[in-house]
1. Would you mind putting 400-410, 259-269 in packing order, based on average other-beta-carbon counts within 10 Å, highest first?
2. Let me know the shape class of segment 377-441, please: from the alpha-carbon gyration tensor, a ≥ b ≥ c as square roots of the eigenvalues, rounded when a/c is under 1.5, otherwise prolate if a/b is greater than b/c, or oblate.
3. Over segment 331-411, calculate the relative contact order: mean separation of alpha carbon pairs under 8 Å at least 6 apart, over the residue count, as a percent.
4. When the accessible area of segment 55-158 is computed with all protein chains present and a 1.4 Å probe, what percentage of it is carbon and sulfur?
5. What are the ³J(HN,Hα) couplings of segment 433-440, residue after residue, when phi is run through the Karplus curve with 6.51, -1.76, 1.60 and θ = phi - 60°? Round to Hz, x for glycine and proline.
6. On a C-alpha basis, how far is the centre of segment 340-385 from the centre of segment 393-447 in Å? Whole number, if you could?
7. Please tell me the relative contact order of segment 320-375 in percent, rounded to the nearest whole number, where contacts are Cα pairs under 8 Å and at least six residues apart.
8. Along its three principal axes, how long is segment 267-376 when you only count alpha carbons? Whole Å, largest extent first please.
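The values are calculated or read from the model by the stated rules, or taken from the named source; none is laboratory data. Given the structure is predicted, the values throughout are model-derived calculations rather than measurements. No Cβ is skipped: glycine too gets one built from the backbone with ideal geometry, and neighbour counts run over all protein chains shown. The protein model used for the area step is the full one, side chains on, heavy atoms only, and it has no ligands, DNA or RNA in it. Shrake-Rupley method; radii C 1.70, N 1.55, O 1.52, S 1.80 Å.
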Amino acid sequence: MLTILGHKQRFCDGLSRRGFLKIGTFGLGAVSLGLTDILRAETRAGVTSSNKSVINVFLGGGPPHQDMWEIKTEAPNEIRGEFKPIDTKVNGIQICEVFPKIAAMMDKCVVIRAVVGSTGQHDAYQCMTGWGHDSLKPMGGRPSMGSVVAKLQGPVDPSVPPFVGLAGKTQHMPWSDSGKPGFLGTAYTAFKPDGEGMADLKLKNITVDQLDDRRKLLSSFDTLRRDLDASGTLNGMDAITERAMGVLTSSKLLEALDLTREPDKVRERYGDGKPYKFQFDGAPTVNDQFLVARRLIEAGVRCVTMSYGRWDSHGKNFDLVRDHGGKLDQGISALMEDLEARGMLDDVTIVVWGEFGRTPRINNNAGRDHWPQVSCAFMAGGGMKTGQAIGSTNRLGEFAKDRPVHFQEIFATVYHNLGIDPAVTTINDPTGRPQHLIDMDPIKELI
């Protein structure tokens, strides 16, 4: 907590005390952690000059793999479903008819048709960490990719958090997980624009112009937060406090979140994802967040996570895919177009996936149920060898037939794209033991 002291005032309760302005604390669930604590932790980790980044889009509920990137035209009716495949810009690759815009950009995309290794848990954890819940659970669990990146690479810009989570609260809470810090601790939690931390970026009852004496302001910081860092050097602590003030007095993050700064034509191209259908206990199809993600990456955020739609299609699966798929097609294609136009697509990896797939057989409610045996993923950008469809399932979409790709291989690929070598990079856990980020190698076809 940063406290700026003012003149003595007498309040209506009869107490005479100094007025104060409290700014700069990120609300992290039940823990209130000072911004200087967060920045101190990042400083200890070191900062690199990399500007590579990732946008991780979680399709909460489990998208139907056989109704998206690999239509089963030869399967019987009770398996095949209602959709037709369409040609894409890449000869020989077909995808579902609800994705015409993506099909036209297939040379810049990758569809992975046989993702394996799902633990079957109905949450975002594996898509955020690459691991199951049990891994290192006694010491807090594995950190999410965003937390790892914040730890290893720190901020691009001192006034912009390296890790931002856009997922809003859902009734089924595990679908609104933006990525937990695990054993790294709360200093590496995602900044959430709709959480308490957002208010901390706005100076209350004071303008930046009023902060005319920066040094005098720094001298009035709450002494309770001026504890010495691990090295015992107060100067280092003061440098971190300077960075905290940079976040609080900069408008860069707030401007990135302000979509009114975008031309109407750009916003129309992304769409708003409304009306929100099939949401129930999950996330809405907020297409605005794709545009926000692009703006955050431009501002210097390294990792942006989203939760898009509610894909738990136990009933009306095909109506849901038509609705969600069409909106996803618009949002993702607009995001790719914008990144390419800005010369950023090779630096930004886009990943779109869910926690598992759906049953091959269509149930009596025209739905598909949970199917952890195989799922799918979409990737783009990141300097990868795109224009590919990797892997396949058998005729009925039950199991991986050719080139199964594990969750961890996708994570290793993204880390590679970010400039982090997953084969040699480790992070110390609370016991001091080095832990590898992931156990598998990147997808060889993509790097």
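1. Ranked by mean Cβ neighbours within 10 Å, highest first: 400-410, 259-269.
2. Here segment 377-441 falls in the oblate category.
3. Result for segment 331-411 is 26 percent.
4. For segment 55-158, the apolar C and S fraction of the accessible surface comes to 47 percent.
5. Ordered by residue, 3J(HN,Hα) equals 7, x, 10, 5, 5, 7, 9, 10 Hz.
6. Centre-to-centre distance over Cα atoms comes out at 16 Å.
7. 23
8. Computed over segment 267-376, the largest-to-smallest principal extents equal 47, 30, 21 Å.
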